[in-house]
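Engineer: Mind looking over this structure? Questions follow.
The values are calculated or read from the model by the stated rules, or taken from the named source; none is laboratory data. Just so we're clear, the structure is a prediction, and the values are computed from it rather than from any experiment. Note: ideal-geometry Cβ built from the backbone for every residue, glycine included; neighbour counts use all protein chains shown. Only protein heavy atoms, including side chains, enter the accessible area calculation; ligands, DNA and RNA are left aside. Shrake-Rupley method; radii C 1.70, N 1.55, O 1.52, S 1.80 Å.
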Amino acid sequence: MKKISRILTITFLSLVGILVVLVTTIYALSSARMNKTYTVNSVSIPKFSKPIDIAEGKRLYQSRGCGDCHDVDGSGRTFIEDPALGTFSGSNLTSGKGGILADRTDEELAIAIRHGVGKNGRALLFMPSTDFQGITNTDVGKLIAFLRSSPAIDKPQGELKAGPLGRFLFLIGEIPVFISAEIINHEATHLANITPSVSLDYGKYVASTCTGCHGFSLKGGPIQGAPPEWPPAQDISKNGLTHYTESSFIQTVRSGKRPDGSEMKFPMPWKSLGQLTDTELKALWLYLQTI
């Protein structure tokens, strides 16, 4: 009996030791990548102050889903809170206490938006810059102009803490957006502007906003880094939209109701996407029909 008890004790301690080594390795490897710094060349960002441009910046903020992580007022919010995955909060993008706006140039903000890299050169956690890496200088300038025109809100930075499962999934490549800076071409040339039109090029430009949930192929599946209770993203390629026409597609995005009457559920940000213009939605539909 004592021999069996000893064997069980040794087995248990061995398993604990293996677990400790595994967790330590996961934390060490993930931390090394999380703490990596990046050098990104600054690009001059055009300045806007006219009400029409600031209004467009506000529409971009709303339609591109910035409020999902930074809240509707830009003060930041906790968007994932899970013991295993981690706790992630968007920054306060105002000039109030706890906000980052007063301490960032427009160029530094553009690097954060398009490259997922902060002022100190370190990667921003869970910043979906893969969605915004292609945004033009003009659009990012208007977006920043809107942020600078917004009221200052005093609110400290929410918690940013990667959990053990989040770190593990990141290491095995299941959450690329965990550190989007790793997969972005930091030497790419950004477009100065793009003319809105019902065209494939403009549709592709708009569709980049959808890749964070629907994947780079836009064919859906489990959402990267999402809590287990979140439903998978739907296929929005041509095959996934066979029950839609251009008109019903636009109506669905605007109303949150599919042609069969069912409602689109969280986390589909249809209220944000409903701010897209007719031209953007028609161009998006045109582009999705080519995938």
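Engineer: Measuring with a 1.4 Å probe in the full set of protein chains, what accessible area per residue, in whole Å², belongs to the chain?
Structural biologist: Heavy-atom accessible area per residue stands at 54 Å².
Engineer: Further, regarding this structure: Expressed as a whole percentage, what fraction of the accessible surface of the chain belongs to carbon and sulfur atoms when a 1.4 Å probe is rolled over the protein heavy atoms?
Structural biologist: Ligands and nucleic acids excluded, carbon and sulfur reach 59 percent.
Engineer: Within the stretch 272-291, name every residue whose backbone N is under 13 Å away from a label modeled 7 Å from Cα of Lys219 along the Cβ vector.
Structural biologist: 291
Engineer: Can I ask one more? Determine how large the accessible area of Leu124 is when every protein chain is in place; take a 1.4 Å probe and give Å² rounded to the nearest 10.
Structural biologist: For Leu124, the solvent-accessible surface is approximately 60 Å².
Engineer: Further question on the same structure: Which value in nm describes the separation of the simple spin-label points at Asp73 and Ile26, placed 7 Å from the Cα toward the beta carbon?
Structural biologist: 3.7
Engineer: Once amide H atoms are built 1.01 Å from N in the peptide plane, which residues 5 or more positions from Ile80, or in another chain, come under 5 Å H to H?
Structural biologist: Placed amide hydrogens put Phe88 under 5 Å from Ile80.
Engineer: Continuing with the same structure: Between Lys271 and Ser42, how many nm apart are label points set 7 Å from Cα along the C-beta direction?
Structural biologist: 3.7
Engineer: Between the helical axis of 51-63 and the dominant principal axis of the chain, each derived from Cα atoms, what acute angle in degrees is found, rounded to the nearest 10?
Structural biologist: The angle comes out near 40 degrees.
Engineer: Determine the equivalent ellipsoid of the stretch 51-182 by diagonalising the alpha-carbon gyration tensor, then write out the semi-axes as square roots of 5 times the eigenvalues, largest first, rounded to whole Å.
Structural biologist: Equivalent-ellipsoid dimensions as semi-axes: 25, 16, 13 Å.
Engineer: Just need log10 I(q)/I(0) for the stretch 20-63 at q = 0.21, 0.30, 0.34 Å⁻¹, Debye formula, equal scatterers on the alpha-carbon atoms, no solvent, rounded to two decimals.
Structural biologist: Taken in order of the listed q values, log10 I(q)/I(0) reads -0.78, -1.00, -1.08.
Engineer: Also: For the stretch 200-289, what value does the Rg/Rh ratio take when both radii are computed over Cα atoms and Rh is the Kirkwood radius, given to two decimals?
Structural biologist: Rg divided by Rh gives 0.93.
Engineer: Sticking with this one: Find, among the chymotrypsin sites (Phe, Trp or Tyr not before Pro) in the stretch 144-240, those assigned to loop by DSSP (not H, G, I, E, B) with at most 14 other beta-carbon atoms within 10 angstrom.
Structural biologist: Hits after loop and neighbour filter: Phe216.
Engineer: Only loop residues by DSSP count here, and only those with at most 14 other Cβ atoms within 10 Å; note down the GluC sites (Glu not before Pro) in the stretch 165-266 that meet that.
Structural biologist: Glu174, Glu187, Glu229
Engineer: Under a point-charge model restricted to the Cβ atoms of Lys and Arg (+1) and Asp and Glu (-1), what is the dipole moment magnitude of the chain relative to its Cα centre, in debye to the nearest 20?
Structural biologist: Dipole of the chain, to the nearest 20 debye: 720 debye.
Engineer: Sticking with this structure for a sec: With charges only on Cβ, +1 for K and R and -1 for D and E, what is the dipole size of the stretch 23-98 about its Cα centre, in debye, rounded to 20?
Structural biologist: 320
Engineer: Quick one: P(r) of the chain from all Cα-Cα pairs, 5 Å bins, percents rounded to integers, in order of increasing distance.
Structural biologist: With a bin width of 5 Å, the distribution comes to 1, 5, 10, 15, 17, 16, 13, 9, 5, 3, 2, 2, 1, 1, 1, 0, 0.
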